[in-house]
Amino acid sequence: MSNTPFPDRPHVRPAGKKAIPAFFGSLWRLTVVGFAWPLTNAIVWLQEHLKFPKWAGGDLREFTMRLWGVAWLAFVWVLLWGEVTWGNILVGVVIAIVVMTLLPLPRVPVEGRIHPLAALKLVLTLLGNFVVSSAQVAWAAIKPGPPPLGAVVRVHVAIKSDLVLTLAVDYINLVPGTMVVEIDHLRRMLYVHIFDVRKQSQVDSFFRQMAYVERQFIKAFERDSEWQPSPFHGIDDDYHHVPFSDRQRVADEERRVRRASRRRHIRRRKEDT
């Protein structure tokens, strides 16, 4: 007599990974634990114990950002001269330090969080749109008939971050046949010049493309569940001698406009459904 409770029924094999995938999965976990965790602890320890003077940023993160700025400006200087020599590198570093000290740029608030897969999909979509739009513009230039009819179209976007909005505008400008000619910062309105709008289907296709770009940028950089406004908003206003009352008034107006635009967006979605 069998010891199994149901000898006439087939045994169910336990679900799990095969030997090779399980080995690489364990190797990846050991790599993360053995390398990334000590590196994170070292960065946190340096952040807490290292002190930097104010001219160098005051903390490790700001010092790293300024060091990156100096390195990038020096790299651009070497590219302008077209020859990699120690003299060009040293002169580039000195000029970069002078520029960052005497002509500081406003701090750009970095908000949201990057999602690599969504960002990669956005880049691939850009490449696809670039090829298709280039072919359409080339065909419109050589085909017989009347010239294309261009127009400026107003588009409202729900992107909250100024940095992400700038990236979206760059995305639109890189695609042949479209060019952002004006940006309404407070109302988040883009005025985009379209290459050809002779047919209603072309206008509808443009709006579908803009809705897709807006959705992908939000998915890649500023999902609502992760959105946190940057604490660096307004830190440069004091440098330009802007009173706090004016800054507060502008901030309140921006919040009111955003709430109104969000309500209009929700109302539009309800009407569409």
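The values are calculated or read from the model by the stated rules, or taken from the named source; none is laboratory data. The structure presented is a predicted model; accordingly, all values stated were derived computationally and were not measured. Here the Cβ is made from the backbone with ideal geometry for all residues, glycine too, and neighbour counts use every protein chain on show. To get the accessible areas, we keep the full protein, side chains included, count just its heavy atoms, and leave off ligands, DNA and RNA. Shrake-Rupley method; radii C 1.70, N 1.55, O 1.52, S 1.80 Å.
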Being β-branched (Val, Ile, Thr), under 18 Å from the mean Cα position of the chain (by Cα) and in a loop (DSSP other than H, G, I, E, B) narrows Ile172, Ile159 down to just Ile159
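I need the full set of residues from the stretch 185-194 which are modelled with pLDDT of 85 or more and either open to solvent by 40 Å² or more (accessible area, probe 1.4 Å) or hydroxyl-bearing (Ser, Thr, Tyr) (or both), in order please.
Tyr191, His193
Any idea which residue in the stretch 161-175 is nearest to Gln209 (Cα to Cα), counting only those that are open to solvent by less than 40 Å² (accessible area, probe 1.4 Å) and at pLDDT below 90?
Checked the stretch 161-175; the qualifying residue nearest to Gln209 (Cα to Cα) is Val175.
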Subset of the stretch 187-223 (residues that are under 19 Å from Arg262 (Cβ atoms), touching a Phe, Trp or Tyr at 6+ places or on another chain (Cβ under 8 Å) and assigned to a strand (DSSP E or B)): none
Tell me, which residue of the stretch 139-156 that is in a loop (DSSP other than H, G, I, E, B) and open to solvent by less than 90 Å² (accessible area, probe 1.4 Å) is modelled with the highest pLDDT? Gly150
Matching residues, the stretch 103-136, being out of contact with any helix residue (DSSP H, G or I) (no Cβ under 8 Å at 6 or more places or on another chain), farther than 15 Å from Gln209 by Cα and modelled with pLDDT of 85 or more: Pro116, Leu117, Leu120, Ser134, Ala135
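Let's see how each residue does on (1) more than 20 Å from the chain's Cα centre (by Cα); (2) surrounded by 15 or more Cβ atoms within 10 Å (Cβ to Cβ); (3) not aromatic (Phe, Trp, Tyr):
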| position | (1), (2), (3) |
| --- | --- |
| Leu73 | yes, yes, yes |
| Val76 | yes, no, yes |
| Leu79 | yes, no, yes |
| Val94 | yes, no, yes |
| Val98 | yes, no, yes |
| Leu105 | no, no, yes |
| Ala118 | no, yes, yes |
| Thr125 | no, yes, yes |
